[in-house]
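Comments concern the structure below.
The values are calculated or read from the model by the stated rules, or taken from the named source; none is laboratory data. Quantities reported herein were computed from a predicted structural model and do not represent experimental measurements. Using ideal geometry, Cβ is built from the backbone for each residue, glycine included, and neighbour counts are taken over all protein chains shown. Heavy atoms of the whole protein, side chains included, go into the accessibility calculation; ligands, DNA and RNA do not. Shrake-Rupley method; radii C 1.70, N 1.55, O 1.52, S 1.80 Å.
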Amino acid sequence: MVVPLPEGYLPYFKAWEEKIGAFIEFAGLRSEAGEAPRIGPGNAGIGLPFAVKDNIAVKGFSISCGSKLLEQMKSPYTATAVQKLEALGGMVIGKTNMDEFGMGSSTDNSAIKRTNNPWDQSRVSGGSSGGSAAAVSAGLVPYALGSDTGGSIRQPAAFCGVVGLKPTYGAVSRFGLVAYASSLESIGILADSTERCRAVFAAIRGGDPLDQTSQDAPAGAPALFGEARSKTAPRTIGVLSPEAIARAISSEITGAAGEAGEEAALQAAAQAAVLENEVARGFELAKTRLRALGHTLVDVDLPSLKYGVPAYYTIATAEASANLARFDSVRYGRRPDWAENPDDMIDKARDAGFGAEVKLRILLGTFVLRSGFQDRYYLRAQRIRGGIRRNFESYLGSPDYSDSKTVCAILLPVFPTRAFDRGPGNLTPFAQKAADLYTCCANLAGLPALAFPVSVEGGLPVGVQLIGRAFAEGTLLDIVESYEASHPFPHPEGYKKFWSQS
Ligand code: GLN
């Protein structure tokens, strides 16, 4: 049986989409016959229309990655994660806007269009999966796929007030995801409820012969579906204490200050990581509510946190410079009209095709990989990465489940601010990078992290995140699902619920 889109959906979609601009391509509006897309029934809330970030391949759809260079590109094949959802009745309704190649925290780095936050259209939706987050937040889709290299699912989820899951590294196949920083990123989920997030994750996870870094959950990892009692079981949750946060931020200045002239930039970076009052209030509220639900909260310190951003940007840009080398207008991308010779053709294509942020990161990446400098930057960043992983494991336990630890998750803020506006004086590109402090460590350590909304402060959502042991998505989802049962997630004004859970 196939059922049409819900009554009244298309006008609702059009009205929202004009305001927020979440989609780069929308299948429903593309249909020339004026026929509504057909939806097949699936199970557990999956057999519905869903949206896909425009760096994840869906056959016949755009795969622009938010870049001019790939604006005309159509994908010849479909990513494994999408195939698995389609097999359960899910239907791709469109491709969503994003920061170019996933580089950014606002989606304003898209070369295609702007995406506005459904809660306040003068503000950004977050990034880089901003289109997916905005589409879910406005109720245009019940769930969407995104990708998270350093926070790109969790940060827009927090900005738009939806659930965002970055799975364990390798838990979901990356086949069909256009690579930005291969060792850090995962395909993940933005959803209108924790229950749906769980169902979608259960559908897309698992080892895939087309991605050699993917794997099934090891024996001993918490089950995704268990008895009802496990969802509400009291747990011991670690919390990054205010002192630990303050230490991570202040040593970001004193620890790194070196050459003259750097002081001001470092001060600005440290300032950018300080939680704004509304976010700090939301974080406190999350703690109070988790305690009220019976969980025990214990303070944890993550001394390595302060090295997270420098290590992340060293590794991410190094990998990006290699991954983006393929966009040379021979294999992918638009060719220039005229060129002197092949090298000139490649130069011209990349110069016209890439935006400023992408060029900056390619330069940074080639700089840190320059011969004679690997020790100083790249290898050092890799050692820091190991330290961050060990730091988390000392609380959460090892990925092979050979030991047991008492803390089953660690609660952290997602981003120091709520959705920011585009006015001058707001977060500069440098400050935006410094603000990745809270999210990028889960990527460096390869751990799962689940962001969820806790409150609305001054008209904008505030989110927090739980980071868990490798392959412990089930635990994170249990905690948040029982939290959501007592504290339903908020919706922006004008939101209409079209999608049931099943
Ligand atoms: N803000 C981070 C960056 O710009 C995160 C990006 C991501 O997760 N794709 O690199």
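Quick notes
- Segment 382-444: relative contact order as a whole-number percent, Cα under 8 Å and 6+ apart: 34
- Available extension along the chain between Leu10 and Thr236 is 76.8 nm, counting 0.36 nm per residue and deducting the alpha carbon span.
- For segment 286-382, trypsin sites (Lys or Arg not before Pro) meeting the loop criterion (DSSP other than H, G, I, E, B) and having at most 12 other Cβ atoms within 10 Å: Arg331, Arg370, Arg376.
- Portion, in percent, of the accessible area of the chain that falls on carbon or sulfur, probe 1.4 Å: 54
- To the nearest 10, the accessible area of Arg123 is 60 Å² with a 1.4 Å probe.
- A 1.4 Å probe over all protein chains sorts Lys113, Lys19 by accessible area into Lys19, Lys113, starting with the largest.
- Bridge orientation summary for the chain: considering DSSP beta bridges with both residues in this region, about 70 percent are antiparallel.
- Rolling a 1.4 Å probe over the heavy atoms of the protein chains gives segment 285-358 an accessible area of 50 Å² per residue.
- Cα gyration tensor category, rounded, prolate or oblate, for segment 371-493 with a/c compared to 1.5: oblate
- Heavy-atom surface of segment 372-502, accessible at 1.4 Å and reported per residue (Å²): 37
- Net charge of Cβ neighbours under 10 Å - reference Pro142; Lys, Arg +1; Asp, Glu -1: +1
- Once both labels are positioned 7 Å from their Cα atoms along Cα-to-Cβ, the gap between Glu263 and Lys287 label points is 3.3 nm.
- Accessible surface area normalised per residue over segment 40-138 is 25 Å², counting heavy atoms of protein chains with a 1.4 Å rolling probe.
- Relative contact order of the chain, taken over Cα pairs closer than 8 Å and 6 or more residues apart, is 19 percent.
- Label positions at Ser122 and Lys19, each projected 7 Å from the Cα along the C-beta direction, are separated by 1.6 nm.
- With coordinates expressed along the principal axes, the C-alpha atoms belonging to the chain extend over 60, 59, 46 Å, beginning with the largest.
- Accessible area in the full protein assembly, largest first, 1.4 Å probe, for Ser75, Ser486: Ser486, Ser75
- Exposure rank, largest accessible area first [Asp421, Asp375, Asp328; 1.4 Å]: Asp375, Asp421, Asp328
- The longest part of the chain holding none of the exposed loop GluC sites (Glu not before Pro), meaning those outside H, G, I, E and B in DSSP with at most 13 other Cβ atoms within 10 Å, is 36-226.
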